Amino acid sequence: MAVPKWYANGLLNVANGAVDLDAATIKLILITSTYTPNQAVHDFRDDLGANEASGGTGYPAGGFTLTNSLSVSSLTLNWDGADISQAITGGPLAFRYGVFYKARGGAASADELIGYVDFGAQSITDATLNITLTNQLTITAS
Amino acid sequence: MTNNKKTAKQLKAEFEKAEKTAQEAQAKADAARDEHRDRVQEANQKAADAQKAWLDAEVRESLKDRPDGEALAATLNLGSLSD
């Protein structure tokens, strides 16, 4: 899987404790190719605009709820989310990006963006959506 | 009161008292954070499991009226639609 990237403010929020990667409710929302990520500027979910993927049955609006864990290997801090395997019927469910954000349960403007991954153009119809989340967002000491 | 009227010993004692207060506050915050983390992790696991169950049920329902529903359910590892 492509290597996810941090949003700059996502990294800030992790550092100052606003987003606890070990415990926050984090979702992975699928976004279409009409969205253009801006790592330096985008900070809350409303910056994603009306670009969430839709189509078929099996994808939940707002994204998949993840279970998360943090670990350290050598000099690298790794954040892992549980893998996703979800049947999708009908469709197509078309998307390009997956965006990790802290879900607060209210307005999109309150949900902090953390990072995103570019899957390339994807289109799923009557198939299983599999997303492997292993050692996703990382910070390496030097 | 200005500090220059206190002895170094008195100022050190004040520092040590203030530092102890700060460390005790930090310890309480750390304990609360650990408890909070455990609760949220457990809740997140339940939420993820519940979401998966809900989505699978919706997918199964979406297949019931399709002529290829049973075959597709098997392909997607959803079991039999008649279960």
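Once you average over the residues of A:85-95, how many Cβ atoms of partner chains fall within 10 Å of each Cβ? Intermediate results must be reported in sequence, preceding the final value.
On the way: counts 3, 6, 13, 4, 12, 4, 0, 0, 0, 0, 0.
Per residue, the number of nearby Cβ atoms from other chains is 4 on average.
Just rank A:Thr138, A:Thr34, A:Thr57, fewest to most, by other beta-carbon atoms within 10 angstrom.
Ordered from fewest to most neighbouring Cβ atoms within 10 Å, A:Thr138, A:Thr34, A:Thr57 come out as A:Thr34, A:Thr138, A:Thr57.
Who wins for biggest fluctuation among B:Leu11, B:Leu72, B:Leu55 in a Gaussian network model of chain B, springs between alpha carbons below 10 Å? Maximum among the listed residues: B:Leu11.
Under the rule of -39500 (n - 2.57) per DSSP H run of 4 or more residues, summed and divided by the residues of chain A, what mean residue ellipticity at 222 nm is obtained, to the nearest 500 deg cm²/dmol? Before the final figure, lay out each step's value.
Working: 1 runs with 9 residues, N = 142.
Result for chain A, helices only: -2000 deg cm²/dmol.
Rounded to the nearest 20 debye, the dipole magnitude of the stretch A:5-140 is 60 debye, with +1 charges on Lys and Arg beta carbons, -1 on Asp and Glu beta carbons, and the Cα centre as origin. Taking the helices alone, chain B has a mean residue ellipticity at 222 nm of -27500 deg cm²/dmol, built from -39,500 (n - 2.57) per DSSP H run of at least 4 residues and averaged over all its residues.
A Förster radius of 45 Å combined with the Cβ-Cβ distance from A:Ser123 to A:Asn16 puts the calculated FRET efficiency at roughly 0.70.
Computed over Cα pairs, the Kirkwood radius of chain B leads via Stokes-Einstein (0.692 mPa s, 37 °C) to a diffusion coefficient of 178 µm² per second.
If you place +1 on the Cβ of every Lys and Arg, -1 on the Cβ of every Asp and Glu, and leave all else neutral, what size is the dipole of chain B about its Cα centre, to the nearest 20 Debye? Provide the component values of the computation, followed by the final result.
On the way: 15 positive and 17 negative charges, 235 e Å.
It comes to approximately 1120 debye.
Rg/Rh for the stretch A:5-140 stands at 0.96; both radii use Cα atoms, and Rh follows the Kirkwood definition. Each of A:Ile131, A:Gly63, A:Leu113 was scored by the projection of its Cα onto the charge dipole of the protein assembly as shown, and the greatest displacement toward the positive side belongs to A:Leu113; charges sit on the C-beta of Lys, Arg, Asp and Glu.
Between B:Ala43 and A:Leu77, what's the calculated FRET efficiency when r is the beta-carbon distance and R0 is 25 Å? Round to 0.05. Step by step, r from the Cβ atoms, then E = 0.60.
Between B:Glu14 and A:Thr36, the modelled labels are 5.8 nm apart [label points 7 Å from Cα along Cα→Cβ].
In this structure, the amide hydrogen of A:Ala87, modeled 1.01 Å from its nitrogen in the peptide plane, lies closer than 5 angstrom to those of A:Leu129, counting only residues at least 5 positions away or on a different chain.
Order of A:Trp79, B:Trp54 from fewest to most other C-beta atoms within 10 Å? Mind showing how you got there, number by number?
Working: A:Trp79 23, B:Trp54 11.
Neighbour counts put them in this order, fewest first: B:Trp54, A:Trp79.
Every number here is computed from the coordinates shown, using simple stated rules; none is lab data. Owing to the predicted nature of the structure, the values given are computational and were not obtained by experimental measurement. Ideal geometry is used to build each Cβ from the backbone, glycine not excepted, and the neighbour counts take in all protein chains shown.
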